[in-house]
Each structure stands twice: as C-alpha cells, then as structure tokens.
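The values are calculated or read from the model by the stated rules, or taken from the named source; none is laboratory data. Just so we're clear, the structure is a prediction, and the values are computed from it rather than from any experiment. Ideal geometry is used to build each Cβ from the backbone, glycine not excepted, and the neighbour counts take in all protein chains shown.
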Amino acid sequence: MEEKDEKTNEKVQALREMIYSAEKTLQGAKSMLLQLEGKKKVGRRKKISDEDAEDGRVIEGTFDGQIMIGTDGKQYPVPANYASKSKLVEGDMLKLTITPDGSFIYKQIGPTDRKRVIGVANLDADGDYFVAAEGKAYKILLASITYFKVEPGDEVTLVLPKNIDSDWGSIENVLQKTASQKKEAPAYSQKSIDEVLKEENKIGEDKIDTPKNTSESLMDEWAPDLEELKKELNNNLNSNS
C-alpha cells in the first residue's frame, strides 16, 4: 500500500513539473509576442502575476508545516503569519515568486485534502504550544496561537492533512475558551465538592440530633410532675361526681 502511494505521489509530482514547464513556455511565448507587437505592459503593478513571472524567479514546492521544500531541493522560509491566516497544512503546494528586489511572494496553488478534528491546546515542558487531538499532540505555529489568542485549556478546531501523518496542524477556530477567559468563577474540583457536601451533611445531622436529645431529657425531668397532675385531676372528678 505504501509503495503504491509513493508511486502515485511521484506521478503527481511529475505532472506538476510538466505543468510548470508548460506554463513557463507559454509565458515566454506571450512575452515574445508582446515584444514583436511592440506592446508594453502598462499600469500600476500590484502583485506578481503568472504573466509577470519572467520579471522574477518562480519556484514551486511543498509546505512541510513550517517551510517550503522547493522542487530544486532547497528550503524556503514561509512567513508564519501567512501560513497561519491561510491555514496551510503539510502537503500543500505553493508557488514562490522572488521579485528582482528580493521580495518573497507566496501563492497556494495545490491544497492537499484536509480533515478537521477537535482538540485542546496546551503547553509542553519547553513552553511550546501543542494541540492534543485523537491521541496525538500536534505542533502549532506561534503566529496561529497569537492570531486566535489561544490559551492553555482552550478547545479548538484543528485542520490536518487527510492523507499525511503530519506532526503539524493549523488552528481554524476556537470553539470554547477556558473559564478564566470567560471571567467565570473557578470551578471546584470534585474532591472539594465532596468535602463540602460531607461537611453540610454532618452539620445537618448535628442539627437533627440536638433537639431530639433535649426533648428526651425534658420528658424525663417532667415525668413525676405529670403523674401528680393526673392524680389531682382524678380526685377532683370523683369529688364532683
């Protein structure tokens, strides 16, 4: 199965390189046509388009969770803010245009299949954020944590590549903030709740037992007087009869 997947990936990569080569050839032909016709591109230049690629260096590659691995085998830095806001995941195909002034312009050209899971954000021993989901800890870009204002304990939706066992995930949204973020009263632990209930039950038992004991002692104390009152009442009834 793994061998079949590798062959498929190789074919996909080969097709992408063929398309890229064909696009470059087409761009070159368009450029030559414009020159022969004596036309020049006018207007304000906002972004590097496919037709303007000849003015800069264009490289395609695959995002690995942090950087782009180019088809030339080199590594290219991907701005964390761009990766976070674009919700890039490992396996996404990118196109990098390096302009004559050295600027890097990225474009997502081949998003990989995705899946979404729900997890909880936390910090590891080194103070780095991760999201625990489906029994695995996924690394998260700090820019994504900052962008969504995630804190330990927050429940988040995580975007992952569907067909890649990736160590990286991209936060799509925050589902539930921690109690401290909601400004709610801190929740008691189960142990403290049990202790409170136990104390309340004890107080209730003491309140019930105290009147009972007092009542029995009073009855014992008044018993002789009650007997005398009964005798006196009987005597009065006999004399009246």
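Taking the stated definitions as given, is LYS95 at positive phi and either of a type in the set (D, E, K, R) or in the same structural domain as LEU160 (by TED's automatic domain parsing) (or both)? Full working, then the answer.
Details: at positive phi: no; either of a type in the set (D, E, K, R) or in the same structural domain as LEU160 (by TED's automatic domain parsing) (or both): yes.
The answer is no for LYS95.
Test of understanding: among PRO152, PRO161, which residue is of a type outside the set (D, E, K, R), in contact with a strand residue (DSSP E or B) (Cβ under 7 Å, 6 or more places away or on another chain) and over 20 Å from LEU88 (Cβ atoms)?
Values: PRO161 fails: over 20 Å from LEU88 (Cβ atoms).
On inspection, the qualifying residue turns out to be PRO152.
Can you tell me which of LEU123, LEU175 is farther than 30 Å from MET93 by Cβ, surrounded by fewer than 17 Cβ atoms within 10 Å (Cβ to Cβ) and either assigned by TED's automatic domain parsing to the domain that holds PRO77 or modelled with pLDDT of 90 or more (or both)? First the steps, then the outcome.
On the way: LEU175 fails: farther than 30 Å from MET93 by Cβ.
Answer to the check: LEU123.
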Strands (runs of 3 or more DSSP E) enclosed by region 71-155 - at least 3 residues per element that are closer than 15 Å to ILE171 by Cα and basic (Lys, Arg): 114-123
